[in-house]
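Report on the following structure.
The values are calculated or read from the model by the stated rules, or taken from the named source; none is laboratory data. These figures come from a predicted structure and were not determined experimentally. Counting neighbours? That spans all protein chains shown, and the Cβs are built from the backbone with ideal geometry, glycine included. Remember, those area values only see protein heavy atoms, side chains included, never the ligands or the DNA or RNA. Shrake-Rupley method; radii C 1.70, N 1.55, O 1.52, S 1.80 Å.
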Amino acid sequence: ARQHTQQQSVKAVFEVTDFFKYESPIPFDFIFDRGFFHVLGRDKRVEYAKKVCDLLVPRGLLALEAFSENNDSTDTHLRYSSLEELKTLFQDYFNIVLVDTTTHQEPGQDGKKRTLHALLLEKVAQVS
């Protein structure tokens with residue numbers, strides 16, 4: 001990813017760290033999560049919502065893809081979410097800009113298809 005952004009002359013910051021302990025020197029305008037949220041246990045999700053809010057500028061954007069509750073539940077390492085659960089979880093910190101449900105086909109031999117909820121969330125200007 002770093003090489004690609006350099007080739008395209010795109011300004012980007014990449015961090016590899018413990019998300020819950022991370023202290024950013026500056027807030028982010030945009031955070032994209034496709035692969036972290038759905039492995040978090042339910043007990044960490046409220047902390048996640050607050051932390052991602054804290055990392056964003058006012059009106060900053062979070063693009064989140066989370067596996068839908070309509071998937072096969074045999075994948076024990078994934079935590080599935082309903083749209084209502086996601087809306088409730090983020091409602092104190094974000095306004096929903098866009099919601100979509102889509103299908104993703106896993107790469108590899110099995111080509112398993114999974115349903116994802118895709119959300120674009122805007123941090124509220126003042127978090128209470």
Inset, instruction - Out of all DSSP beta bridges with both ends in the chain, state the antiparallel percent to the nearest 5. - result: 75 percent
Inset, instruction - Express the carbon and sulfur contribution to the solvent-accessible surface of the chain as a percent, rounded to the nearest whole number, probe 1.4 angstrom. - result: 50 percent
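From the cross-link list 11/44; 51/112; 44/112; 21/112, which pairs have alpha carbons spaced over 29 Å apart?
Checking Cα-Cα distances, 11/44; 51/112; 21/112 exceed 29 Å.
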Inset, instruction - Calculate, for residue 2 and residue 39, the FRET efficiency according to 1/(1 + (r/R0)^6) with r their C-beta to C-beta distance and R0 25 Å; round to the nearest 0.05. - result: 0.60
Inset, instruction - Please give the length that would be gained between residue 88 and residue 120 if that part of the chain were fully extended, namely 0.36 nm times their separation in residues minus their C-alpha to C-alpha distance (nm, one decimal). - result: 10.1 nm
Legend entry - DSSP-assigned coil residues among chymotrypsin sites (Phe, Trp or Tyr not before Pro) in region 1-53, each with at most 10 further Cβ atoms within 10 Å: 14
Legend entry - Cα-based convex hull volume of region 1-61 per residue, rounded to whole Å³: 105 Å³
Legend entry - Phi-based couplings in Hz for region 99-107 (Karplus 6.51, -1.76, 1.60; Gly and Pro marked x): 9, 8, 10, 9, 10, 10, 9, 5, x
Legend entry - residue 28 long-range amide H proximity, modeled H, under 5 Å: 56, 57
Legend entry - Value at 222 nm in deg cm²/dmol, rounded to 500, when DSSP H runs of n ≥ 4 in the chain each add -39,500 (n - 2.57): -6500 deg cm²/dmol
Legend entry - Rg and Dmax [Cα atoms of the chain; Å; Rg one decimal, Dmax integer]: 15.5, 48
